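Structure first, commentary second.
Rule-based calculations on the coordinates, nothing more; no lab input. The structure presented is a predicted model; accordingly, all values stated were derived computationally and were not measured. Cβ: placed from backbone, ideal geometry, glycine included. Neighbour counts: every protein chain shown.
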Amino acid sequence: MSTATILQQLLNGVTLGGLYALIALGYTLVYGIMLLINFAHSEMFMIGGYVGLLMLTLLTKPEVVGQAAVDFFSGSTMGLVVLFAIVFLVTMLVVGTLGVVIERVAYRPLRHAPRLAPFISAIGVSIFLQNAILLWVSTKQLAYPAVLPIKPAFSIGGARITNLQVFIIVTAIALMFILDTFVSRTRIGKAMRATSQDRDAAGLMGISINTVIALAFFIGPALGGVAGVFSGLYYGSVSYSMGFIPGVKSFTAAVIGGIGNLRGAMLGGFVLGILESLAAGFLNPGYKDVVAFAVLILVLIFRPGGLLGESVVEKV
């Protein structure tokens, strides 16, 4: 087992962990505020992949945006930055808005119902969205356009990291840092933490509970949508069923890190991604799921609150 091979698997694991962490943040945001496991969140990831595919296809067609725009997007690094900025912005807006609509239609009427009712509603929304894409878009995998040429960016100890991996890792970490700063230092972030600690008391303090919950349902799916675009770029295609396995893994990552804890979700995502990559590289690709869920079981046995424990919320 060479050092270069270990480093290569670690880099692959960090890339995969970035995707898991972005999705896991959506689970932990909603759970932290509503104590609800949003099973439909994995379909937000899937829909994000399709929205990203649509935007990349439109923005690289001369008949849609003009030849000058296509040349700009494909002819320089700045053009690629602008292209992906547009793709991510539109994806986040579309998927985030869909998350808010789902909260308003499927979850808000059940807010005071027995806890089983929202869980069943979440499963129903997940099945509906998956079948909607199956029936209205395509039953087959759709290829992602190769707008970002995949080539080695640099080497570390003999391990090669591609420009796409650099792009995914840097963007994912930047988004996580922005979210962490937003929640910990802004007025709205304090309102979210207060609502997470005690919803009734937060309401008595003048905080709009509906607004806070809607914001959580916007931010979580928006980040999941970005992860869907990354998945399409990384694996080269999207499909209506692509959300199930990453959704389960990301929920596992959130539990490993500490469900309800943002930094725990980030940590759990990277830990799970690295463990899966090492298991696939040194044992067998078939063992990666076994290792992932074995770690989950061990964490639940020896540290039920997750690696970072339960979320500690400051009083506002």
Completion exercise
Of the residues Leu164, Phe302, Met44, the Cα lying farthest along the dipole of the chain towards its positive end, which is defined by charges on the beta carbon of Lys, Arg, Asp and Glu, belongs to Phe302
Practice task
With the cut-off at 20 Å, report for region 1-65 the share of all Cα pairs above it, as a whole percent.
Solution key: 56 percent
Handout entry: Scattering curve values for region 1-139, log₁₀ I(q)/I(0), Debye with Cα scatterers, q = 0.09, 0.10, 0.22 Å⁻¹
Key = -0.41, -0.50, -1.27
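Contour minus end-to-end for Phe128 and Thr77, with contour as 0.36 nm per residue of separation and end-to-end as the Cα-Cα distance?
Details: separation 51, 0.36 × 51 = 18.36 nm, distance 3.93 nm.
The span from Phe128 to Thr77 would gain 14.4 nm if fully extended.
Let me know the charge dipole size of the chain about its Cα centre in debye, to the nearest 20, where only the beta-carbon of Lys, Arg (+1) and Asp, Glu (-1) is charged.
Here the size comes out at about 320 debye.
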Exercise for the section: List the relative contact order of the chain as a percent without decimals, with contacts defined as Cα pairs under 8 Å and 6+ residues apart. Expected result: 36 percent
Practice task
In whole Hz, with x marking every Gly and Pro, tabulate ³J(HN,Hα) for region 184-192 from phi via Karplus 6.51 cos²θ - 1.76 cosθ + 1.60, θ = phi - 60°.
Solution key: 8, 10, 9, 5, 5, x, 5, 5, 5
Practice task
Please work out the Cα center distance from region 207-278 to region 52-129, rounded to the nearest Å.
Solution key: 14 Å
Exercise for the section: Pop a pseudo-label 7 angstrom from the Cα along the beta-carbon direction at both Arg104 and Ala201 and give the gap in nm to one decimal. Expected result: 3.1 nm
Fill in the blank from the handout: Checking rank on 279-288, 124-133, with mean other Cβ inside 10 Å and highest first, the result is 124-133, 279-288
Completion exercise
Computed over region 45-112, the convex hull of the Cα set has an average projected area, in nm², of 5.3 nm²
Fill in the blank from the handout: Karplus ³J(HN,Hα) for region 213-220 (6.51 cos²θ - 1.76 cosθ + 1.60, θ = phi - 60°; Hz, whole; x = Gly/Pro) runs 5, 4, 5, 4, 6, 8, 5, x
Completion exercise
Here the gain from full extension of Ala146 to Leu58, 0.36 nm per residue of separation minus their alpha-carbon distance, amounts to 30.3 nm
Exercise for the section: Convert each backbone phi in region 89-95 into a coupling constant with the Karplus relation 6.51 cos²θ - 1.76 cosθ + 1.60 (shift: θ = phi - 60°), then list the ³J(HN,Hα) values in order as whole Hz, x for Gly and Pro. Expected result: 4, 5, 4, 5, 5, 5, 5
Handout entry: Taking only Cα atoms of the chain, radius of gyration then Dmax in Å
Key = 19.7, 60
Handout entry: With 10 Å bins from 0: P(r) over region 120-266, alpha-carbon pairs, percent
Key = 9, 29, 32, 21, 8, 1
Practice task
Any chance you could run the full-extension gain for Arg187 through Ala117? It's 0.36 nm times the residue separation minus the Cα-Cα distance, nm to one decimal.
Solution key: 22.0 nm
Handout entry: Once the Cα gyration tensor of region 186-316 is diagonalised, semi-axes √(5λ) in Å
Key = 32, 20, 10
Exercise for the section: Answer with one residue from Gly258, Leu275, Ala174: the one whose Cα lies farthest towards the positive end of the charge dipole of region 163-316, charges on Cβ with Lys, Arg +1 and Asp, Glu -1. Expected result: Ala174
Problem - 13 Å Cα-Cα reach of Lys190 towards aspartates and glutamates, excluding residues that sit fewer than 8 places from it in its own chain - result: Asp180, Asp198, Glu314
Completion exercise
In debye to the nearest 20, the charge dipole size for region 26-169, taken about the Cα centre with +1 at each Lys and Arg Cβ and -1 at each Asp and Glu Cβ, equals 300 debye
Completion exercise
Given unit charges at Cβ for Lys, Arg (+) and Asp, Glu (-), the dipole magnitude of region 110-221 about its Cα centre in debye, nearest 20, is 120 debye
